[in-house]
Structure formats: C-alpha cells, structure tokens
Amino acid sequence: MPVPASDEQHGTRNKVARSILDHGPSTAAELALRLELTQAAVRRHLDTLVAEGVVEPREKRVYGARSRGRPAKVFALTDCGRDAFDQAYDELAVDALRWIEQSAGGGESGRAAVAAFARARLAAQAVAYRQAIEAAEPDSRAQALARALSADGYAATARSAPVGEQLCQHHCPVAHAAERYPQLCEAETEAFSQLLGTHVQRLATIAHGDGVCTTYIPGTGKAEKAAPSKTHSKTKTTTASASTAGRNPE
C-alpha cells in the first residue's frame, strides 16, 4: 500500500528537524547534503518547520575573521522544537532541584546544595566517560568524550579549532532545568576539565539561547593561548569557573 504523500512529507520534515538536533544549527545546503535531498526540497520543509515554530533562522556564527559578503543563514531548533524530542522530564527535574534548594534553606545555602547535587550527578556519569577517555589515544580524547556524551543523549561531536578543539553538544536533555539552575552547566564544565586534564572554556550553552553547547579544549602545548574569539554570539567566552560557566555574562 503506498504511503500517503502527506505522511511522507511529515516524515521527511522530522528527518530535517532531527538532523538539526544531531548536528546543530545547519544551512539548507548542509541539510540537503546530509539527507540526500535537493536544496529546494529542504527549503520547503524548513519553511513549514519555521511556520510551525519548530526551527528558526539565525545568522551563522563566524569564528575568527569574517569573510566578505552576506553571512550564511542557519536554522536552529527552537525551545518548542527541542520539546518535541526527549525533554519530557524537564518539569520534574526543575521541581526536584527547587525542592533541594528550598530544603537547604534557600539563598546561598540552597544554591550550594544544588551545586553539590550537580557535581554528584556528573561524578556518577563521569565514570563511563573516564573509561572511554582512558582507552583512547591522547589526541583522540575529545572525540572519545563526544561519543560517550552522545550515548547519554547529548548528540556531541568534537572538531578542530584554530588552536585546540571544540566539543559541541547539539542537544541537552536538561536544557530547561539548566536555564533555571546554571549549576548543572557549571558542574559539567568542571567535569570536562577534570576528565581531560586541562583547563577548558565554555563558549556557549543551549540553556542560554545558543544553538549548541560549545566547550573549548586547548591543544597540547598551547593551553596558555587564548581561546578563539566568537562573533555575533549571545554568550561571550567564559572560563570554567563555578561563577560563570553556563551563565550568560553581561
């Protein structure tokens, strides 16, 4: 029995949205190449997804010097688009964190209690991450961490940067909870630093409106150099300190 055209179109649109989830903000050309579709077909699906509030167009961020001409347009998932995937337990997570905060008395004590929980949570996850990293060659540790994170639902990749590497998490199962409780991002950044044995810098977070959680990892022998600058970003480069990681600095 042939598949109705409407169902087929819906299935393709889901593939487009999923590709953006897995790979981060993407141009129509990148999506067409990945999904083996024409750019015209991809644009039609993107127009529908934009109208439905699932994706939104953004100006492509440029790392380093900007080339001439109009910047490419990329499409990123909206909060609504992310909700369509596996973030159904965000409300429960926020309620649980609020209970921890209030049970500790609120204020500074409450924030410290949430931070302690976040570190304990990451410590348990880090056991598997550490095994993957220790089994990898020194120059492949970022890729090993990315694969381990992907197994936990973070759709992570590692890519070369002008100096060092960038760890990109294209999905965050606790994004909405992290927006309310940045301690989750802070604990994660600290854990990455401990796992990789080097200072790392959080460049962007999904929790604060960026399309991807991006962490800069210095290259061997170049750890003292500054991280590459980022333009047209809502989130400035921040260090991995507990006071800034995962926040949106002014």
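What nm distance separates the two modelled labels at N14 and T78, each placed 7 Å from Cα along Cα→Cβ?
2.0 nm
Between R159 and R121, what FRET efficiency follows from the Cβ-Cβ distance if R0 is 30 Å, with the result rounded to 0.05?
Given R0 = 30 Å and the Cβ-Cβ separation, E is 0.65.
Taking the Cβ of A51 as the center, what net charge do the other residues with Cβ under 15 Å away carry, scoring Lys and Arg +1 and Asp and Glu -1?
That works out to 0.
In whole percent, how big is the carbon plus sulfur part of the accessible area of region 87-218, probe 1.4 Å, protein atoms only?
With neighbouring chains kept in place, the figure for region 87-218 is 53 percent.
Full-extension gain between A29 and H199, please, as 0.36 nm times their residue separation minus the C-alpha to C-alpha distance.
Result for the pair: 57.7 nm of gain on full extension.
T205's amide H: which non-local residues (gap 5+, or another chain) put their own amide H closer than 5 Å, with H modeled 1.01 Å from N in plane and none for Pro or chain starts?
D210, T214
Between beta-carbons, use under 11 Å as the cut-off and find the net charge around A191, counting Lys and Arg +1, Asp and Glu -1.
My count for the surroundings of A191 gives 0.
Counting other Cβ atoms within 10 Å, which chymotrypsin sites (Phe, Trp or Tyr not before Pro) in region 79-161 have at most 14 and lie in a DSSP loop?
Y89
First check a/c for region 87-218, with a ≥ b ≥ c the square roots of the eigenvalues of its C-alpha gyration tensor; if it is under 1.5, answer rounded, and if not, answer prolate when a/b is larger than b/c or oblate otherwise.
Because a/c hits 1.5 or more and a/b exceeds b/c, region 87-218 counts as prolate.
The values are calculated or read from the model by the stated rules, or taken from the named source; none is laboratory data. Quick caveat, the model's predicted, so the values are computed rather than measured. Backbone-built Cβ (ideal geometry, glycine too); neighbour counts: all protein chains shown. For the accessible areas, the whole protein counts, side chains as well, though only heavy atoms, and no ligand, DNA or RNA atoms are used. Shrake-Rupley method; radii C 1.70, N 1.55, O 1.52, S 1.80 Å.
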